[in-house]
Amino acid sequence: SAVISQKPSRDICQRGTSLTIQCQVDSQVTMMFWYRQQPGQSLTLIATANQGSEATYESGFVIDKFPISRPNLTFSTLTVSNMSPEDSSIYLCSVEGLGIGGSDGYTFGSGTRLTVV
Amino acid sequence: GDSVTQMEGPVTLSEEAFLTINCTYTATGYPSLFWYVQYPGEGLQLLLKATKADDKGSNKGFEATYRKETTSFHLEKGSVQVSDSAVYFCALTNTGGFKTIFGAGTRLFVKA
């Protein structure tokens, strides 16, 4: 399975500022996924990022707040913009396993623990 | 839409106790089912999977059987260790799709 390097691992940010999270994969992948995990809760998909096209956002998430870049098949960034304390969460990137249609599950980065003060 | 329901935690067990974490799902078609584990301060790791009815996924002493008739995928382990303390997520990915639906997670504490 792929290995994902995600950084930063954690950060404490002032409200109103922005943070960019990076994910580097050790192999080429078509789709990369960004999730949010709010404290004590499950994962919520923010968006799906394909190389060469705009990311597809889930209901409740917008590009202005969470712009995503996908410049090549091994790298993606998620920016959390104009942060407020409600954005304090763990953000995770993920890629699909080798199986067809996600049947092999997904590999996750180690996560970015964001605290907004 | 598709959904996953798993038992609420936390679950607290003594070392060597038997573990069951219940998971049921609602989905159209024939989803693949997964258990992921999240150790403290880490991302999620795939623990085991099953892609069709009656399949049994197993890994590290954990097992789960895909039961289509009861739409369940309960996680079991015969003898837990302190190192199994983590949050466990049941999840599904539906046929031909790429979106994974996660349960709420169940936190397990194992005492020595």
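The values are calculated or read from the model by the stated rules, or taken from the named source; none is laboratory data. Small disclaimer: the values here were computed from a predicted structure and weren't measured. Every residue, glycine among them, receives a Cβ derived from its backbone with ideal geometry; neighbour counts consider all protein chains shown. Surface areas here come from the heavy atoms of the whole protein model, side chains and all, with no ligands, DNA or RNA. Shrake-Rupley method; radii C 1.70, N 1.55, O 1.52, S 1.80 Å.
Inside the stretch B:68-86, residues that are of a type outside the set (S, T, N, Q), within 28 Å of B:Gly29 (Cβ to Cβ) and touching a strand residue (DSSP E or B) at 6+ places or on another chain (Cβ under 9 Å) make up a count of 4.
With the condition kept exactly as written, say whether any residue in the stretch A:44-52 is loosely packed, with under 12 Cβ neighbours inside 10 Å, among the polar types (S, T, N, Q) and out of contact with any Ser or Thr (no Cβ under 8 Å at 6 or more places or on another chain). There is no residue in the stretch A:44-52 that is loosely packed, with under 12 Cβ neighbours inside 10 Å, among the polar types (S, T, N, Q) and out of contact with any Ser or Thr (no Cβ under 8 Å at 6 or more places or on another chain).
For the stretch B:76-96, the criterion of being more than 23 Å from B:Glu16 (Cα to Cα), open to solvent by 50 Å² or more (accessible area, probe 1.4 Å) and assigned to a loop (DSSP other than H, G, I, E, B) is satisfied by at least one residue. Considering the conditions (1) open to solvent by 20 Å² or more (accessible area, probe 1.4 Å); (2) of a type in the set (S, T, N, Q); (3) within 14 Å of chain B (Cβ to nearest Cβ), A:Ser84 is excluded by exactly one of them, (3).
Could you tell me whether A:Phe66 is open to solvent by less than 30 Å² (accessible area, probe 1.4 Å) and more than 10 Å from chain B (Cβ to nearest Cβ)? Judged against the criteria, A:Phe66 is a match. Out of all the residues in the stretch B:16-23, is one or more among the small types (Gly, Ala, Ser) and open to solvent by 10 Å² or more (accessible area, probe 1.4 Å)? Yes, the stretch B:16-23 contains a residue that is among the small types (Gly, Ala, Ser) and open to solvent by 10 Å² or more (accessible area, probe 1.4 Å).
With respect to the conditions (1) buried (at least 18 other Cβ atoms within 10 Å of the Cβ); (2) out of contact with any Gly (no Cβ under 9 Å at 6 or more places or on another chain); (3) away from chain A (no Cβ under 14 Å), B:Leu108 falls short on a single one, namely (2). Residue pairs whose Cβ atoms lie under 9 Å apart, separated by 6 or more positions or on different chains, with the first residue in the stretch B:38-59 and more than 10 Å from chain A (Cβ to nearest Cβ) and free of Cβ contacts under 8 Å to residues at least 24 places away in the same chain and the second open to solvent by 60 Å² or more (accessible area, probe 1.4 Å) and part of a loop (DSSP other than H, G, I, E, B), are B:Ala53/B:Tyr30; B:Ala53/B:Lys68; B:Ala53/B:Glu69; B:Asp54/B:Lys68. As a summary of the residue check, B:Trp35 satisfies the conditions (1) open to solvent by 60 Å² or more (accessible area, probe 1.4 Å); (2) within 10 Å of another protein chain (Cβ to nearest Cβ); (3) part of a strand (DSSP E or B) except for the one numbered (1). Only one entry in A:Ser59, A:Ser94 is of a type in the set (S, T, N, Q), surrounded by fewer than 17 Cβ atoms within 10 Å (Cβ to Cβ) and within 12 Å of chain B (Cβ to nearest Cβ), namely A:Ser59.
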